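Values quoted throughout were computed directly from the atomic coordinates according to the rules given, and no laboratory measurement underlies them. As the structure is a computational prediction, the values presented were derived from the model and not from experiment. Positions of Cβ are generated from backbone atoms using ideal geometry, with glycine treated the same way; all protein chains shown enter the neighbour counts.
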């Protein structure tokens, strides 16, 4: 996913396509419909990447319980810290959630940055949004859903 982000970044922070630029899965990719053990769950994959010039991007893809893509936006960014870029992808989940998604049984958020996933697991388990209200505004969706799981995928 990160390679796709870098390909569409024309310059720092600008994309060829302004909003959702990849909402369908290419035909050549393996499709595993049983990615989730329970019906009515959503899965969100997040990823970010930076070039040596500090230009890059991050994106997320929301899939339903059948594995079909529902939303897949991406954003350009100029930053120096890869972990912060991946965290920005998680913070943007609130921008893509639609009303019907709050009726789901839960959301699994997957990312490949172990430190960010561990941070989010602790953040949710210890309800740290009460101590860090600035992050809490972007993470309101976490306590509005029935269940949120953060999972590392290498």
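Just a few scattered comments:
- Whether region 41-154 is rounded, prolate or oblate, judged on the alpha carbon gyration tensor where a/c under 1.5 counts as rounded: oblate
- Cα gyration tensor category, rounded, prolate or oblate, for region 42-97 with a/c compared to 1.5: prolate
- Working from label points 7 Å from Cα in the Cα-to-Cβ sense, the residue 79 to residue 94 distance is 1.6 nm.
- Exposure proxy ranking, count of Cβ atoms within 10 Å, fewest first, for 38, 59, 104: 38, 104, 59
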